[in-house]
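The values are calculated or read from the model by the stated rules, or taken from the named source; none is laboratory data. Please read these numbers as outputs of a predicted model, since none were measured by experiment. With ideal geometry, Cβ positions are generated from the backbone for all residues, glycine too; neighbour counts draw on all protein chains shown. Remember, those area values only see protein heavy atoms, side chains included, never the ligands or the DNA or RNA. Shrake-Rupley method; radii C 1.70, N 1.55, O 1.52, S 1.80 Å.
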Amino acid sequence: MTKRKTWTKAIAVLLFCTVLTVGVVSAPPFKAEATTLADLENKLNDLKNQEKQIANELNQAKKDVKNQEAYQNQLSYQINNVESQISTLNQRISTLNDQISQKETEIEQAQKNIDENFDLFKKRLRAMYMSNDATVLSVLFGSSTFAEFLSAAETIQRIADHDDRLIEELSAQKRQIEEDKAAIEESRKQVEADRQSLISKQSQLDQARAESNEELEQLKLLEAKAKKSYAEIVQDLEAADAEIKEYIRTHQSTGQLSPGGWLWPVAGRTRISSGYGYRILNGVREFHKGIDIPCPYNTPIRAAKSGTVIRANFSSSYGNIVIIDHGGGYSTVYAHNTSLQVSYGQQVQQGQTVALAGQTGQAYGVHCHFEVRVNGVVENPLNYVMATG
């Protein structure tokens, strides 16, 4: 229990310090001082990393609380089980005490019977002594024949033998009762030892539960602080994303949407490995702003519509990124490229290669991350493009 307590407190102190550290970093509201989209993207990426760190700590705190509650349930079960065992042993001790009392009564009665019969035996001997064996002799020599003499002598011997056997039988019964009582007392002694052992175990379990209650309160406090820090970082993320939306909105052209339909950005690759919307990544629930289209290295990435490049550089989160303004508030994003084929301010035509596929930035496997934004706000790309190859 000491090791468990030390381990839990160490985790608690570490988590507490981490939460305080992150809280200091994320406490001020997000205020972008940068003027470029690249700086805003990097700022957003830093916040995302903080979000993942806090989310992992929050998940760990929840697991610790859950494990501690499960441990308490196990302790409660053991305590209830021990209490039931103690109650059963108390009943057994009570039963054994009744049996011992019964044996003591039987011993007293056996001794009484022995004493009574022994008294009678002594009285008969005394009577014969006081009469100088006259009675016995008269019985013997009053016989008219030798056969009667032998019969009388045999009768007297039988009476004496009967007294001896009776006293011996009563003594044997008493000894047996005493042995039974001793065996019951030995059983009671063992049961009492078992009961004392269980009482000691119950005391230890009660102490463990008290310590667990204290640890659980500390873990719940840390969980609450982690939740608060997570809520703060989410607010900062929303603020950072709003800054990016505003940047794109203000840097887009005010003209009409370029003519023609929308083109699938990766020719011949129609599978989507990660769709638009919420997903679980590294144990963290996050919103995926676009779709991921897996493909080999250096696969050409083409413009979904014609327009003007308003960003073509590197982002720590998106890697090598291209953003194209299509007019009318519409823009598309192509991320994680191994290299870029266009530059800022360049006019591109629909279907023109703007980049080559890779896995730069925060990416898992080679793919094209594709977004559609309207006035800077992401929308489901599948509302616009179709996986036609």
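Against the test of being in a loop (DSSP other than H, G, I, E, B) and of a type in the set (D, E, K, R), the options 271, 279 yield a single qualifying residue, 271. Among the listed residues 378, 366, identify the single one that is within 22 Å of residue 245 (Cβ to Cβ) and open to solvent by 20 Å² or more (accessible area, probe 1.4 Å). Step by step, each of 378, 366 is checked, and only 378 is within 22 Å of residue 245 (Cβ to Cβ) and open to solvent by 20 Å² or more (accessible area, probe 1.4 Å). Of the numbered criteria (1) surrounded by fewer than 19 Cβ atoms within 10 Å (Cβ to Cβ); (2) within 28 Å of the chain's Cα centre (by Cα); (3) of a type in the set (Ser, Thr, Tyr), the one residue 274 fails is (2). Within the stretch 282-303, being assigned to a strand (DSSP E or B) and modelled with pLDDT of 80 or more holds for 287, 288, 291, 292, 293, 294, 300, 301, 302.
If the condition is being open to solvent by less than 70 Å² (accessible area, probe 1.4 Å) and either assigned to a helix (DSSP H, G or I) or without any contact (Cβ under 8 Å) to a residue 24 or more places away in the chain (or both), then the stretch 244-260 contributes 244, 245, 247, 248. Each residue in the stretch 314-351 was checked for being without any contact (Cβ under 8 Å) to a residue 60 or more places away in the chain and either small (Gly, Ala, Ser) or assigned to a strand (DSSP E or B) (or both), and 15 pass. Name the pairs: first residue in the stretch 200-221 and more than 12 Å from residue 78 (Cα to Cα), second residue open to solvent by less than 40 Å² (accessible area, probe 1.4 Å) and among the small types (Gly, Ala, Ser), Cβ to Cβ under 7 Å, at least 6 apart or on different chains? The qualifying pairs are 218/12; 219/12; 219/61.
Taken together, the residues in the stretch 50-86 that are open to solvent by 60 Å² or more (accessible area, probe 1.4 Å) and free of Cβ contacts under 8 Å to residues at least 60 places away in the same chain amount to 11.
Candidates are the residues of the stretch 87-107 that are surrounded by fewer than 14 Cβ atoms within 10 Å (Cβ to Cβ) and of a type in the set (D, E, K, R); the one that is modelled with the lowest pLDDT is 104.
So for the stretch 21-37 (the condition being under 30 Å from residue 363 (Cβ atoms), touching a strand residue (DSSP E or B) at 6+ places or on another chain (Cβ under 7 Å) and at pLDDT below 75), does at least one residue qualify? Checked the stretch 21-37: at least one residue is under 30 Å from residue 363 (Cβ atoms), touching a strand residue (DSSP E or B) at 6+ places or on another chain (Cβ under 7 Å) and at pLDDT below 75. Assess whether residue 6 counts as being in a helix (DSSP H, G or I), modelled with pLDDT under 70 and among the hydroxyl-bearing types (Ser, Thr, Tyr). Spelling it out, residue 6 is indeed in a helix (DSSP H, G or I), modelled with pLDDT under 70 and among the hydroxyl-bearing types (Ser, Thr, Tyr).
Is at least one residue of the stretch 289-303 over 17 Å from residue 337 (Cβ atoms) and surrounded by fewer than 17 Cβ atoms within 10 Å (Cβ to Cβ)? No, the stretch 289-303 contains no residue that is over 17 Å from residue 337 (Cβ atoms) and surrounded by fewer than 17 Cβ atoms within 10 Å (Cβ to Cβ). Return a yes/no flag: does the stretch 210-222 have any residue that is among the basic types (Lys, Arg), open to solvent by 50 Å² or more (accessible area, probe 1.4 Å) and more than 30 Å from residue 54 (Cβ to Cβ). No, that holds for no residue. Looking only at the stretch 317-328, filter to residues that are closer than 15 Å to residue 244 by Cα and under 49 Å from the mean Cα position of the chain (by Cα); which one of those is surrounded by the fewest Cβ atoms within 10 Å (Cβ to Cβ)? Result: 317.
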